[in-house]
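Working notes for the structure below.
The values are calculated or read from the model by the stated rules, or taken from the named source; none is laboratory data. Treat the numbers as computed from the prediction; the structure is a model and nothing was measured. Using ideal geometry, Cβ is built from the backbone for each residue, glycine included, and neighbour counts are taken over all protein chains shown.
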Amino acid sequence: MMALGTRYHTQRNNKLFPYSTCGTTVIAEYLSWLNIKYGKDFISDDDAVFEALNCPKMLDKALAYIQQGEDYIKGLLKHRVDEPNTPLDESKYNYLNQSMLMLCKVAEYLTNYTFDFKMNYRNEASIKQSIDDGFPVIIAGKFTESGHFVLIVGYDENGNWIVDDPYGNWNSRYKDENGSRVSYTIEAVNSIVNLKEDRKLLSIRGFII
């Protein structure tokens with residue numbers, strides 16, 4: 001088995017919207033790993049990453065992407081245009097939390113642009129190579145009805161990904177709230193992700209600049 005020494009982050013104890021912050025939680029864990037690997041001091045608190053994702057700079061960037069026609073930014077928040085002074089509720093944050101592009105951008109922002117975070121379609125071999133190179137890989141799939149982000153931190157010889165799942169153990173349908181170092185079969189993961197014909201799935205990993 002090959003597994004990186006990441007420190008598990010759970011979204012369940014987040015102060016801000018614990019049921020919908022899987023994306024920012026896996027980014028926080030990724031930044032925590034970079035701190036360990038490179039001796040950095042990047043922000044890696046789950047709630048602080050969530051707040052950074054929703055800061056004016058990131059929201060302006062999201063608006064710019066939408067205006068450029070990026071269809072994977074999920075729906076411009078109506079209140080940001082028409083009702084800027086109205087209170088925010090949980091549903092109005094979800095479009096950023098579920099956007100891989102914006103997760104890349106906030107990760108780059110929080111590393112002071114010393115790391116590049118790329119969205120790419122990767123096959124099993126390239127994900128394993130990333131792990132071997134010391135970089136976990138973020139994926140999203142229908143682990144839940146609304147979609148969910150997890151962090152692949154390793155693999156074993158039996159056809160499993162070793163995953164840090166911020167909401168718990170998908171194998172138990174999240175009755176088990178501990179998602180640290182859980183084993184998900186590669187075939188099971190492939191069945192719930194956006195898999196291309198060549199068995200590549202959309203994912204995020206970091207690169208040092």
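What to note about this one:
- Residues of the stretch 1-31 that are among the polar types (S, T, N, Q) and over 16 Å from Glu108 (Cβ atoms): Thr6, Thr10, Gln11, Asn13, Asn14, Ser20, Thr21, Thr25.
- Summed over the stretch 32-57, the residues that are touching a Lys or Arg at 6+ places or on another chain (Cβ under 8 Å) and closer than 17 Å to Gly134 by Cβ give a count of 4.
- Count - residues of the stretch 20-51 that are part of a loop (DSSP other than H, G, I, E, B) and either in contact with a Phe, Trp or Tyr (Cβ under 8 Å, 6 or more places away or on another chain) or among the hydrophobic types (A, V, I, L, M, F, W, C) (or both): 4
- Boolean, Lys118 is surrounded by fewer than 22 Cβ atoms within 10 Å (Cβ to Cβ), closer than 21 Å to Met58 by Cβ and of a type in the set (Lys, Arg): yes
Yes or no, residue by residue, for (1) modelled with pLDDT under 90; (2) surrounded by fewer than 21 Cβ atoms within 10 Å (Cβ to Cβ):
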residue	(1), (2)
Ser130	no, yes
Gly147	yes, yes
Ile152	no, no
Asn171	no, yes
Val189	no, no
Ile209	yes, yes
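- Figure legend. Inter-residue proximity from the stretch 1-26: first residues surrounded by fewer than 24 Cβ atoms within 10 Å (Cβ to Cβ), second residues of a type in the set (Ser, Thr, Tyr), beta-carbon distance below 6 Å, spacing 6+ or different chains. Indicated pairs: Met2/Tyr155; Arg7/Ser32; Tyr8/Ser180; Asn14/Thr21.
- Matching residues, the stretch 96-126, being in contact with a strand residue (DSSP E or B) (Cβ under 6 Å, 6 or more places away or on another chain) and assigned to a helix (DSSP H, G or I): Met100, Cys104, Ala107, Glu108
- Tally of residues being of a type in the set (Val, Ile, Thr) and either touching a Gly at 6+ places or on another chain (Cβ under 6 Å) or loosely packed, with under 15 Cβ neighbours inside 10 Å (or both) across the stretch 27-63: 1
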